[in-house]
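Following: one structure in structure tokens, then a few remarks.
The values are calculated or read from the model by the stated rules, or taken from the named source; none is laboratory data. Just so it is clear, the structure is predicted and the values come from calculations on it, not from any experiment. As a convention, Cβ positions derive from the backbone with ideal geometry for all residues, glycine included, and neighbour counts pool all protein chains shown.
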Number of protein chains: 2
Amino acid sequence: MAELPKKSEAFFEWFSEVLERAQVTDKRYPVKGLNVWPFFGLKARSLMDRTIRDAVEKVGYEEVSFPTLIPETELQKEAEHIKGFESQVYWVTHGGTTPLDIRLCLRPTSETAMYPMFAIWVRSHKDLPLRTYQVCSVFRYETKTTRPLIRVREIHFFEGHTVHLDEEAATSQVRDDLRTFEEIAKALALPYLVDRRPDWDKFPGAHYSLALDTPFGEGRTLQVGTVHHYRDNFSRPYGIQYETQSGSQAYGHQTTYGLSERLLGAVIGVHGDDKGLVLPPAIAPVQVVVVPVLGKEGKEEVARAAQDLGEQLRKAGWRTRVDLSEDRPGAKYYAWESRGVPLRVELGQRELQAGNATLADRLGTKRSVPLADVLAEVPRALEAFRSALSERAFERFRAEIRPAKRLEELKEGAAVHLIGWCGKEACGHRVEEAVDGGLLGRIEQSSPPGILPSEVPPCIVCGEKALGWAGAARPL
Amino acid sequence: MAELPKKSEAFFEWFSEVLERAQVTDKRYPVKGLNVWPFFGLKARSLMDRTIRDAVEKVGYEEVSFPTLIPETELQKEAEHIKGFESQVYWVTHGGTTPLDIRLCLRPTSETAMYPMFAIWVRSHKDLPLRTYQVCSVFRYETKTTRPLIRVREIHFFEGHTVHLDEEAATSQVRDDLRTFEEIAKALALPYLVDRRPDWDKFPGAHYSLALDTPFGEGRTLQVGTVHHYRDNFSRPYGIQYETQSGSQAYGHQTTYGLSERLLGAVIGVHGDDKGLVLPPAIAPVQVVVVPVLGKEGKEEVARAAQDLGEQLRKAGWRTRVDLSEDRPGAKYYAWESRGVPLRVELGQRELQAGNATLADRLGTKRSVPLADVLAEVPRALEAFRSALSERAFERFRAEIRPAKRLEELKEGAAVHLIGWCGKEACGHRVEEAVDGGLLGRIEQSSPPGILPSEVPPCIVCGEKALGWAGAARPL
């Protein structure tokens, strides 16, 4: 097989090739932007879903499942929302040859599917908080160029929807959601910013929108998720009302939390290298591969030891493969490395006789350990690998983030720019023009922490006092 | 709350009420036939999916995920197939306000989405067998009255799709699929028939169709799944060709295997009773509930013992709840019974002092066991419960199945009729008229086994030699 394009030279060609070779998604389906998930990619995706589920269920979310189709009459109830989505939803107009009385759209997100039901479910203050989520496909009629995992027409989506007593309780939910994302990003070893999007860029219908932006190649950022505070903007038109303790009626305050398959795109884009995928243990379909080095002598003994070890690792709950193929060791190593396997256990005959094995991780760390200790070493080695992966990504992110004081500096593409911004729309649009992309908005949080210099300069456009650090980058 | 309708007197009212009260599905969504899955029902559904996944992965199926939308041009490639589906698919005609060049349908099943990709994936005999499955929503524009879990417009679906070297290899896959269903039905404690559908009733495009029919109230049967042999009926129009060992080109032979949310409907319909749900342990969202009987004395001690036991059970992997509410024991018992919890552990103060607890299962079996043995007894008690549930369902199924020798006997509604059938279409249609419903087709297998009398009578219509026992019932 030809070599991969170099990640540092041709990021998007590299990204596309890596997805194809590792069978993450297959873009050869007859409709552009609708992709197939082969076994390997789907497994990684499902493991990512599990990581998300585990994190959000700890803060009280319960999983539900709503219909894919939403009647036009429901979609239209919140005025801003329908304006934001009407040009990008798919419309079902016929059942068989019969025109439908009311058109149905494929959910672009599920506010308008869920909230009519919330209005039925929520009766009393005792029903609150209501915290639900679903993992599903959402659909957008994209007119821009599509790109696997990044901009597709059927999107694999996590969406959390909550209802609370009042604005403050909803704000506290927003904080909870950010904490769950911290946990998810830790498992995925991803750096990110929490950016409060400018008003003109917030979610249609939201009071405010916090975006979760990760780095994504050459100074670009990728919005992998959002947390929105809705106040009662949706509960009013949808009638989500409850009886308070004093017996009066009040509207609930709502939040939503969205994450998409882009999160997997970020993992691949941030961690991958010129050999292919590099996957954090939480979502690696294969976490450990045992590779016996099969020479002429002692072949059976080595193979048997590898199988025994594989069996032990599997029983301990690690996703393990044993590679007994006849290929030479270098070819085997490369094959598993290209699929991102975090940890390799090499078993050679001489080593085995000395009672040892070699642990090698996907970042190149290699050491000999007593065979009897491998089982106990694996969790430590995987966590050390995750931590090193995280450090490497943080280090690069730090290098990519640069304070700028003059608009001209924003022309420099390969950076995420930190600027002072006064908060005014006119200044914001000037920044957008200068950066040829997006004003990410005010930065509320960063991971790693401590990457924002303490002193905020004045607004990069008008020179007035800034609200705080804001980010500007070429978004995807 | 008002009492449930009696299952024996008003089956469908009972079924509908049970679903609503236990929050299995919620049918109050603004579009008929599109239902919401609340937390409890979705959990049971996900556990059912897990039961299916575990069974099929053992015979080599791998999970994949294909797009929801299928272009009209692909849907039309197999002539019988499109004829069978064109009147019942939902059509997407617009993206935003733009009419689409090629209409897209919401998959009614995924042959026509998957097979263009199979044509790319399958190159050589080494790529075969290809065994894939997905768990997804499929859509049918139902014009008949909808009914939760039984006839809906968005259907939760498992679909397996395979490609093999030749007809015989595909036939062997059909046998494997039936074996996996045996395992699934065992976990769900369900009786069923494997019926070879008459030719006029087979899947559009299939060589033959085997249906999995369970009992479903008052002598009706419910088709919960199907296994189809396609021969090369689809591989030819879709070009699924491979290079044989000798270097020539050949078309693959295919099978499919479908199961739907109806399977959950069958579980509820077959096992439920006048108190509500009765769930087999494999899919019960709560498998064990620990109910402390909180009297005036020793209240805290009993509550603590219940929590300790609950913790132990959870750690051992059982889905466990501890009910510390202040309701009286009878009310607690009823609440958990109505949600189908298989096993209850009662802890009273005097019992506790004697070092005992009471195990009660959802079928009423009750016994005292030493508290120290509860953890070890739970798996045994759950398996004994599953087995008793199965026996009860088998017993009822045996009583409901009746050999008939004259067409007039088929008028008797509350039975699944066993008849001789010569296989001719004209005779088949006469049977259909007489039974006011369906000729299930020739019975190839039954669970429990041994319910078919050994001597097959002649065709119930023409008196000629029969192919074997056939079933006739009011299907749903």
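Of a type in the set (D, E, K, R) and in a loop (DSSP other than H, G, I, E, B) - does that describe any residue in the stretch B:259-267? Walk me through how you get there before you give the answer.
Narrowing the stretch B:259-267 to residues of a type in the set (D, E, K, R): B:261-262.
Checking which are in a loop (DSSP other than H, G, I, E, B) leaves us with B:261.
Yes, there is a match, as at least one residue in the stretch B:259-267 is of a type in the set (D, E, K, R) and in a loop (DSSP other than H, G, I, E, B).
Across the stretch B:319-332, which residue is farthest from B:Ala360 (Cα to Cα) among those that are in contact (Cβ under 8 Å) with a residue 12 or more places away in the chain and in a loop (DSSP other than H, G, I, E, B)? Can you show your working first?
Of the residues in the stretch B:319-332, the ones in contact (Cβ under 8 Å) with a residue 12 or more places away in the chain are B:319-324, B:326, B:329, B:332.
Next, from what is left, pick out any that are in a loop (DSSP other than H, G, I, E, B): B:319, B:323-324, B:326.
Details: B:Arg319: 16, B:Asp323: 15, B:Leu324: 18, B:Glu326: 20 Å.
Step by step, filter the stretch B:319-332, then rank; the result is B:Glu326.
Scan the stretch A:58-78 and give yes if some residue there is modelled with pLDDT under 95, within 19 Å of B:Pro67 (Cβ to Cβ) and not small (Gly, Ala, Ser), otherwise no.
The answer is no; no qualifying residue exists.
Anything in the stretch B:102-130 that is part of a strand (DSSP E or B) and buried (at least 22 other Cβ atoms within 10 Å of the Cβ)? List them, or say none.
Filtering the stretch B:102-130 down to residues part of a strand (DSSP E or B) leaves B:102-106, B:124, B:130.
Passing the criteria: B:Leu104, B:Cys105, B:Leu106.
Kindly list the number of the only condition in (1) buried (at least 23 other Cβ atoms within 10 Å of the Cβ); (2) more than 28 Å from B:Phe181 (Cβ to Cβ); (3) hydrophobic (A, V, I, L, M, F, W, C) that fails for B:Ala250.
With (1) buried (at least 23 other Cβ atoms within 10 Å of the Cβ); (2) more than 28 Å from B:Phe181 (Cβ to Cβ); (3) hydrophobic (A, V, I, L, M, F, W, C) applied to B:Ala250, the lone miss is (1).
Which residue, of B:Ala360, B:Ala305, B:Ala376, B:Ala335, is outside any strand (DSSP E or B) and under 30 Å from B:Pro5 (Cβ atoms)?
Values: B:Ala360 fails: outside any strand (DSSP E or B); B:Ala305 fails: under 30 Å from B:Pro5 (Cβ atoms); B:Ala376 fails: under 30 Å from B:Pro5 (Cβ atoms).
Criteria check complete, one pass: B:Ala335.
If A:Tyr242 satisfies all but one of (1) within 24 Å of the chain's Cα centre (by Cα); (2) part of a strand (DSSP E or B); (3) aromatic (Phe, Trp, Tyr), what's the number of the condition it fails?
Tallying (1) within 24 Å of the chain's Cα centre (by Cα); (2) part of a strand (DSSP E or B); (3) aromatic (Phe, Trp, Tyr), A:Tyr242 fails exactly one: (1).
Just to check your reading of the model, which residue among A:Thr132, A:Thr112, A:Thr93, A:Thr73 is more than 30 Å from A:Thr244 (Cα to Cα) and either in contact with a Gly (Cβ under 8 Å, 6 or more places away or on another chain) or assigned by TED's automatic domain parsing to the domain that holds A:Arg262 (or both)? Give the derivation first.
Numbers: A:Thr132 fails: more than 30 Å from A:Thr244 (Cα to Cα); A:Thr112 fails: more than 30 Å from A:Thr244 (Cα to Cα); A:Thr73 fails: more than 30 Å from A:Thr244 (Cα to Cα).
The unique qualifying residue is A:Thr93.
Could you give me the residue pairs with C-beta distances under 6 Å whose first residue belongs to the stretch A:197-213 and is in a loop (DSSP other than H, G, I, E, B), whose second residue is basic (Lys, Arg) and at pLDDT 95 or above wherever it lies, and which are 6+ apart or on separate chains?
Listed by first residue and then by second, the contacts come to A:His207/A:Arg231.
Exactly one of (1) surrounded by 18 or more Cβ atoms within 10 Å (Cβ to Cβ); (2) closer than 20 Å to A:Tyr334 by Cα; (3) of a type in the set (S, T, N, Q) is unmet by A:Ser390. Its number?
Status for A:Ser390: all satisfied but (2).
When you scan the stretch B:437-474, how many residues do you find that are modelled with pLDDT under 95, surrounded by fewer than 19 Cβ atoms within 10 Å (Cβ to Cβ) and touching a Leu at 6+ places or on another chain (Cβ under 8 Å)?
2
I need the full set of residues from the stretch A:134-162 which are touching a Phe, Trp or Tyr at 6+ places or on another chain (Cβ under 6 Å) and more than 10 Å from chain B (Cβ to nearest Cβ), in order please.
Result: A:Val135, A:Val138, A:Gly160.
Which count do you get for residues in the stretch A:383-423 that are among the basic types (Lys, Arg), assigned to a loop (DSSP other than H, G, I, E, B) and closer than 21 Å to A:Gln223 by Cβ?
Initially, the stretch A:383-423 is screened for residues among the basic types (Lys, Arg), giving A:386, A:392, A:396, A:398, A:402, A:405-406, A:411.
Right, trim to assigned to a loop (DSSP other than H, G, I, E, B) and you get A:405-406.
Next, only the ones that are closer than 21 Å to A:Gln223 by Cβ stay: none.
Going through the stretch A:383-423 one residue at a time, the tally reaches 0.
Hey, could you check the stretch A:214-227 for residues that are in contact with a helix residue (DSSP H, G or I) (Cβ under 8 Å, 6 or more places away or on another chain) and assigned to a strand (DSSP E or B) and say which is surrounded by the fewest Cβ atoms within 10 Å (Cβ to Cβ)? Working first, answer last.
Going through the stretch A:214-227, the residues in contact with a helix residue (DSSP H, G or I) (Cβ under 8 Å, 6 or more places away or on another chain) turn out to be A:214-219, A:222-225, A:227.
Of the ones still in play, those that are also assigned to a strand (DSSP E or B) are A:214-215, A:222-225, A:227.
Values: A:Thr214: 26, A:Pro215: 23, A:Leu222: 23, A:Gln223: 20, A:Val224: 27, A:Gly225: 26, A:Val227: 26.
That would be A:Gln223.
A quick yes/no check of all residues on (1) under 24 Å from the mean Cα position of the chain (by Cα); (2) at pLDDT 95 or above:
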site	(1), (2)
B:Ser87	no, no
B:Ala113	yes, yes
B:Cys136	yes, yes
B:Thr143	yes, no
B:Ile150	yes, yes
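Tell me which residues, restricted to the stretch B:173-196, are in contact (Cβ under 8 Å) with a residue 12 or more places away in the chain and not hydrophobic (A, V, I, L, M, F, W, C). Show your work before the answer.
Let us first name the residues in the stretch B:173-196 that are in contact (Cβ under 8 Å) with a residue 12 or more places away in the chain, namely B:173-174, B:176-196.
Result: B:Gln173, B:Asp176, B:Asp177, B:Arg179, B:Thr180, B:Glu182, B:Glu183, B:Lys186, B:Pro191, B:Tyr192, B:Asp195, B:Arg196.
Tell me whether the stretch A:322-342 contains one or more residues that are under 19 Å from A:Ala372 (Cα atoms) and either touching a Phe, Trp or Tyr at 6+ places or on another chain (Cβ under 8 Å) or hydrophobic (A, V, I, L, M, F, W, C) (or both). Working first, answer last.
To start, the set of residues in the stretch A:322-342 that are under 19 Å from A:Ala372 (Cα atoms) comprises A:322.
So of that shortlist, the ones also either touching a Phe, Trp or Tyr at 6+ places or on another chain (Cβ under 8 Å) or hydrophobic (A, V, I, L, M, F, W, C) (or both) come out as A:322.
Yes, the stretch A:322-342 contains a residue that is under 19 Å from A:Ala372 (Cα atoms) and either touching a Phe, Trp or Tyr at 6+ places or on another chain (Cβ under 8 Å) or hydrophobic (A, V, I, L, M, F, W, C) (or both).
Of all helices (runs of 4 or more DSSP H) completely enclosed by the stretch B:1-96, which ones contain at least 3 residues that are more than 13 Å from chain A (Cβ to nearest Cβ) and of a type outside the set (Gly, Ala, Ser)? First the steps, then the outcome.
Numbers: elements: B:11-21, B:39-58, B:72-75, B:79-85.
Hits in the stretch B:1-96: B:11-21, B:39-58.
Run A:Pro129 past the list (1) out of contact with any His (no Cβ under 7 Å at 6 or more places or on another chain); (2) more than 10 Å from chain B (Cβ to nearest Cβ) and report the number of the one that doesn't hold.
Only one criterion in (1) out of contact with any His (no Cβ under 7 Å at 6 or more places or on another chain); (2) more than 10 Å from chain B (Cβ to nearest Cβ) is unmet by A:Pro129, namely (1).
Here's the yes/no breakdown for (1) under 28 Å from B:Ala22 (Cα atoms); (2) loosely packed, with under 14 Cβ neighbours inside 10 Å:
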{"site": "B:Glu297", "(1), (2)": "no, yes"}
{"site": "B:Glu300", "(1), (2)": "no, yes"}
{"site": "B:Glu311", "(1), (2)": "yes, yes"}
{"site": "B:Pro329", "(1), (2)": "yes, no"}
{"site": "B:Arg344", "(1), (2)": "yes, no"}
{"site": "B:Leu352", "(1), (2)": "no, no"}
{"site": "B:Asp361", "(1), (2)": "yes, no"}
{"site": "B:Arg367", "(1), (2)": "yes, yes"}
{"site": "B:Val378", "(1), (2)": "yes, no"}
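Would you say A:Thr180 is surrounded by 20 or more Cβ atoms within 10 Å (Cβ to Cβ) and not in a helix (DSSP H, G or I)?
Details: surrounded by 20 or more Cβ atoms within 10 Å (Cβ to Cβ): yes; not in a helix (DSSP H, G or I): no.
The answer is no for A:Thr180.
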